[in-house]
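Have a look at the structure below, then the notes.
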Amino acid sequence: MSPQKKLTPLIPVKITGTGSYLPEKILTNDDLAQFLETSDEWIRTRTGIRTRHILSPEEIPAKMGIEAGQRALAQGRRSPKDVDLLLVATNVPEEPIPGTAPHIALGLGLGKGAFADVTAGCAGFLYALAMAATMIHAGMAKRALVIGTEALSRFVNWQDRATCVLFGDGAGAVLMEAKKGKAGILGVALRGDATKLGLLRIEAGGVRLPASMETVQAGKHFLEMEGKGLFRAAVGMMAEATRAAAAQAGLTLEEIDWVVPHQANLRIIEALVKRLRIPEEKVVVNIERVANTSTASIPIALDELVRAGKVEPGQILALTAFGAGACYGTVILRW
Ligand SMILES: CC(C)(COP(=O)(O)OP(=O)(O)OC[C@H]1O[C@@H](n2cnc3c(N)ncnc32)[C@H](O)[C@@H]1OP(=O)(O)O)[C@@H](O)C(=O)NCCC(=O)NCCS
């Protein structure tokens, strides 16, 4: 790619604010070992997770996205009335109809702007980010909030040690707007492999298998996962998408300053960066505290990085994720 390409973002839309929210309640591995046949040692060595945040039964899930959105707006010095597009990435909606986005739009007081949910497994946030940036670039919106919010604690089987130990609740948000200059989105590779749709699913509760006494009794409303299959697929998918997004951006992998990967398993993250030959100090990891928060995982990690003052203007970030579907992808941007 020509040096000229490197100076011109593919989409001159940048992130101008970040925010995140984690519920107060923390569940440790030792807490889980009180009622499951598991141990802190097993969970730590297999996944890197030590704790996760869990939404209390009395808390309303949309509150997480609202709080994260408010924090992103405050950081970007904007008010809800400045936002005319809200895209919410989530896997399990607040209600089957009308989903999550209207609840968050109402809570934020967004007025008459557009809002919609985006579902693409744990890669949903990246899909929503690319959609929002493209819509702004095309003149369909001025300013967008993109939120990833997830309360999978309400859909895991707390008796299934192979899944429930992996997930946590939380939300993350970014504010996006068009800006002149070098900052913006440099490369996007969104992908999918639908032959792998059985690796992670909640079988019942949709139109194929609506809720009934039988589905509830058979535990079909819980998240089911083929952990080994996902593990095997994850590294290859994220590596492929990252290489493709970097090629589109006209960048080498060495030019990436920060990799913000989906936090599903520390071993997956380590294998990914080893395969891409990216030094570990460039990789953002918070899985030990927050576990896998699905669509919220990248915006939470990004917000923590930004608030720690570690991202400098001009730096190159690669955000990469995989998940149910199997949807995966990488977005590369210049801060
Ligand atoms: C789930 C995962 C941690 C399991 O790790 P693993 O090394 O593959 O472990 P295995 O599946 O081989 O299980 C090994 C044993 O540990 C047991 N085990 C599973 N969960 C356990 C737990 N929480 N505590 C103790 N033992 C556990 C299994 O029952 C199995 O026992 P067995 O050998 O007697 O049958 C790993 O496969 C993984 O992270 N996969 C990806 C999941 C993912 O990314 N999901 C989200 C996608 S967005």
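The values are calculated or read from the model by the stated rules, or taken from the named source; none is laboratory data. Small disclaimer: the values here were computed from a predicted structure and weren't measured. Cβ coordinates were reconstructed from backbone atoms using ideal geometry, including for glycine residues, and neighbour counts include every protein chain displayed.
Check segment 118-125 and report whether any residue there is modelled with pLDDT under 95, buried (at least 19 other Cβ atoms within 10 Å of the Cβ) and on the phi < 0 side of the Ramachandran plot.
no
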(message) Filter segment 144-167 down to the residues that are within 12 Å of the ligand (Cβ to nearest atom) and within 14 Å of the chain's Cα centre (by Cα) and list them by number.
(response) 150, 152, 167
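With respect to residue 332, is the statement that it is in a strand (DSSP E or B), in contact (Cβ under 8 Å) with a residue 40 or more places away in the chain, of a type outside the set (Ser, Thr, Tyr) and touching a Gly at 6+ places or on another chain (Cβ under 7 Å) true?
Working: in a strand (DSSP E or B): yes; in contact (Cβ under 8 Å) with a residue 40 or more places away in the chain: yes; of a type outside the set (Ser, Thr, Tyr): yes; touching a Gly at 6+ places or on another chain (Cβ under 7 Å): yes.
The answer is yes for residue 332.
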(request) Quickly run through segment 202-226 and pick out the residues that are within 16 Å of the ligand (Cβ to nearest atom) and buried (at least 16 other Cβ atoms within 10 Å of the Cβ). (result) 202, 222, 223, 224, 225
(message) Going through 133, 138 one at a time, which residue ends up being surrounded by 23 or more Cβ atoms within 10 Å (Cβ to Cβ) and either away from the ligand (no atom under 15 Å from the Cβ) or farther than 24 Å from residue 88 by Cβ (or both)?
(response) 133
(message) Taking the conditions exactly as written (in a helix (DSSP H, G or I), free of Cβ contacts under 8 Å to residues at least 60 places away in the same chain and surrounded by fewer than 20 Cβ atoms within 10 Å (Cβ to Cβ)), does residue 289 satisfy them or not?
(response) no
(message) Among the numbered criteria (1) modelled with pLDDT of 95 or more; (2) away from the ligand (no atom under 16 Å from the Cβ), which one does residue 182 miss?
(response) (1)
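From the list 177, 255, which one is not aliphatic (A, V, I, L, M) and not assigned by TED's automatic domain parsing to the domain that holds residue 100?
On the way: 177 fails: not assigned by TED's automatic domain parsing to the domain that holds residue 100.
Within the list 177, 255, the selection yields 255.
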(request) Quick one: in segment 283-300, of everything that is within 19 Å of residue 316 (Cα to Cα) and more than 14 Å from the ligand (Cβ to nearest atom), which residue is nearest to the chain's Cα centre (by Cα)? (result) 299
(message) Can you report the number of residues in segment 124-176 which are in a strand (DSSP E or B), of a type outside the set (Gly, Ala, Ser) and closer than 19 Å to residue 105 by Cβ?
(response) 9
